[in-house]
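Everything on this sheet refers to the single structure shown next.
Quick note: the coordinates plus some simple rules give every number you see, no bench work behind them. Worth saying up front: this structure is predicted, and the values here are computed from it rather than measured. All Cβ positions, glycine included, derive from the backbone under ideal geometry; neighbour counts span all protein chains shown.
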Amino acid sequence: MSDKEKSLHRIKTGGFSRRLELSKVGLRYGSRALRQSLRERFSNDEEAALAQRRENIEFFIAELGKLKGSVVKIGQVMATYADYLMPPEVAEALHSLEDDTPPMSWRAIRKVLEKELGEERLAELDIDTEPLAAASLGQVHRAVLRSSGEQLCVKVQYPGVDKTIDADFQALMGLLKLSRLLDATRNIDDWFGDIRQLLHKEVDYEQEKRDLDFARQRLSGEARYVVPRSYDRYCTQRVLTMSYESSLGVAACDVEALSQARRNALGEALLRLFLTELFRWQRMQTDPNFGNYRVRINDDGDDQLVLLDFGAMRLLPPDFAERFCEMMRAAYRRDREVFRQCSIDLGFMKEHFPDSVLDNFVDIGMDIGEPLRSASQAPDEARSADGLYDWRRSNLPKRIAKRAMAASISTYFALPPKDFLYVMRKLMGVYALIAQLDAHFDGEPVFQEFL
């Protein structure tokens, strides 16, 4: 079967049909879980039982991943919270969800474009019928502006996907609780209500265009960053047209082959961008997906970061941003008392928690500040041969995760503030991106710009 034959012509957008699809997944999972329960009852092999449970959960998540529309996106956003709300094996399975569903057919996409742009504007564009990329909520096609020859990208939302969010969300939450993959007794309505709002924001391409234009304007004087230009005439709530910016993935062979100095410069640019969003904009692109950050290799050696996808841009409440910045400064200065107090002020920790729990959390904070200090203060394994901080060898994100699990913090804290998790997830993602570049540099000179 060819790729064209595999493409989808429509998405079931009715609440009933969407619930039916999810119910089928639930029934298939339920039959497997029942067999697992019977096996556990008549067997004393705990290791085999755990392996079977993991297999069933992976089956459940994989089945969700086959559904087009917002289900996959809900699962991906839930993965942000999964470590705090769900058993480890469920969290691990959610983190594996990827946008690997087939694209919509050109026939279906063209109907959206005709409805949104009209025949006159659509005729001004020469659009490649084969998608450049496809995800759970929409897909991207390359295009040429006929009048000028300008190279464009046209992001098109799948027909009716904005109507499936609430139905998918309610059905999926019910299914997770019924399957006992989500604790029905915890007070999580506020958290998942926030996920619902985020999803509605991601299908509002007019808002994404405003965030794209904001970032482009604010970074216009920074030669190291490239933000696509939007084209008003070809943008609507369901279509976002922007300039095509040639670039490579951060894991591309040509990027890996760059000199150490050039990779160091790109790593510094990633760190500076995160700190700019936090300290100066108080507005952050909260999705650290590697695909949102690409590299343009230039002949003069001044390579650039190409920034894509601003659908997950989030305004940070001023009080929260101020306290989080203070936490970052405290981590940099190794000021344990200030870091501890900020975590209490933000509601992540509570004053009455045992000292051991509070101290463990502060230890994690000191680790977070490790790359921001002089490499001379870092562990031996985190320093490169030239005495700089080695972001890849430091293995910092995994060290932090291991310490957090060992600390058993989740036994004590209330559900942490949503903004805290989004910013921490972004920070760990930035650290991982810099490690992917295998950059060697001290974060201290960069961080001092924001002190």
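Things to note:
- Label sites at Arg229 and Gln448, each approximated as a point 7 angstrom past Cα along Cα to Cβ, lie 3.8 nm apart.
- Calculated FRET efficiency for the pair Ser376/Asp166, C-beta based, R₀ 60 Å, to 0.05: 0.65
- Placing a pseudo-label 7 Å from each Cα along the Cα-to-Cβ vector at Gln151 and Glu130 gives an inter-label distance of 1.6 nm.
- Full extension of the chain segment joining Lys398 with Glu322 gains 24.6 nm, where the gain is 0.36 nm per residue of separation less the Cα-Cα distance.
- Computed E for Asp302/Phe214 - FRET, C-beta separation, R0 22 angstrom, nearest 0.05: 0.35
- Two-site label geometry, Trp281 and Lys115: point separation in nm, points 7 Å out along Cα→Cβ: 3.1
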